[in-house]
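**Student:** Structure in structure tokens, see below.
The values are calculated or read from the model by the stated rules, or taken from the named source; none is laboratory data. Just so we're clear, the structure is a prediction, and the values are computed from it rather than from any experiment. Here the Cβ is made from the backbone with ideal geometry for all residues, glycine too, and neighbour counts use every protein chain on show. Areas reflect the complete protein model, heavy atoms only, side chains present, ligands, DNA and RNA absent. Shrake-Rupley method; radii C 1.70, N 1.55, O 1.52, S 1.80 Å.
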Amino acid sequence: MARDFTEVAVTLLATLTVLVSGHRLMSTGTATGVTDAWDNARATFYGDIEGGGTMKGDCGYGNLFEQGYGLETTALSAALFNNGATCGACFEIKCVDNPQACIEGAKPIRVTATNFCPANYTKTVGVWCNPPQKHFDLSLQMFLKIAKYKAGVVPVKYRRVLCPHKQGGVKFQLSGNPYFLMVLVYNVGHVGDVSEVRVKGSKSGWFQMHRNWGQVWDTGLKLTGESLSFKVTTSDGKFLNFENVAPPNWQFSQTYDGKLNF
């Protein structure tokens, strides 16, 4: 649905504020990791052709099909994972410098970071995810779009890109208990990775949430019986206010649609 936008120029920081249906989308001018420049890395694959073994993971996501990510996903080595802050970000990847392994004429793939590829310090060879190496452990389906199965590991070039258009608004999945609220934030458009979340109950002000792991955020506030609003900031400095996303009778293990997206 088309929306009316009011653009307001702000001094010095070139801050741009856009009012979106009563919600504020703000850019603070923070630099984003999205770039046209390609960098070097390696890629392997994990899981089976139908995505078995790639669901859930260290970003906090669950069923990647239900959450809109599908099989266009990757796990990241520590050098790229950034302690979970990169979860939700998107990358373009192409196989290079190995004609026997790369699929000739293959177009670059675009994947979303949904998991972590842990280091293995018990081995001295084949330790692609050990620091400081930049490595992508792709879903098998995505790996086969750029390389041959028998290759196992291939050199690639990659770059951060904007994520594909998302269906619906940013989603908020609630879990925890009355004294410890955890919120998984997913289906985030544009740059994809969330850098800050604030929560407000209908009887309280705004409070900073803390990154628990991946894109799961927590607070020790007791907010049961209050409608919940969230302020989400992405890595490019833009933020959206999601007013009264969850009603006063919200329940744990439920997901609420923020209606808006970046």
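**Student:** Return the inverse of the average 1/r over all pairs of distinct C-alpha atoms in the stretch 167-262, which is the Kirkwood hydrodynamic radius, in Å to one decimal.
**Tutor:** 13.0
**Student:** A follow-up question, please. Given Lys145/Lys259; Lys107/Lys238; Lys107/Lys148; Lys56/Lys222; Lys94/Lys150; Lys134/Lys231, which pairs have Cα atoms separated by over 23 Å?
**Tutor:** Violating the 23 Å Cα-Cα cut-off are Lys145/Lys259; Lys107/Lys238; Lys56/Lys222; Lys134/Lys231.
**Student:** To the nearest 20 Debye, how big is the dipole of the chain about its Cα centre, given +1 on the beta carbon of each Lys and Arg and -1 on that of each Asp and Glu? Walk me through the intermediate numbers first.
**Tutor:** Details: 25 positive and 20 negative charges, 30 e Å.
Its charge dipole is roughly 140 debye.
**Student:** Tell me which residues come under 5 Å, amide H to amide H, from Val245 once H is placed; ignore anything under 5 positions away on its chain.
**Tutor:** Leu228, Ser229, Phe230
**Student:** Calculate what fraction, in whole %, of the accessible area of the stretch 119-262 sits on carbon and sulfur atoms when a 1.4 Å probe is rolled over the protein chains.
**Tutor:** 53
**Student:** Leaving out ligands and nucleic acids, and using a 1.4 Å probe, what accessible area per residue does the chain come to in Å²?
**Tutor:** 50
**Student:** Under 5 Å between amide H atoms, partner at least 5 residues away or on a different chain: which partners does Ser195 have, H built in plane at 1.01 Å?
**Tutor:** Here the answer is Thr233, Thr234, Ser235, since their amide H atoms fall under 5 Å of that of Ser195.
**Student:** With just the Cα atoms defining each centre, how far is the stretch 92-147 from the stretch 151-225? Give it in Å.
**Tutor:** Result: 25 Å between the Cα centres.
**Student:** Taking every DSSP beta bridge that has both residues in the stretch 39-161, what percent is antiparallel when rounded to the nearest 5?
**Tutor:** 70
**Student:** In whole Å, what are the extents of the chain along the principal axes defined by its C-alpha atoms, from largest to smallest?
**Tutor:** In descending order, the Cα extents are 61, 43, 32 Å.
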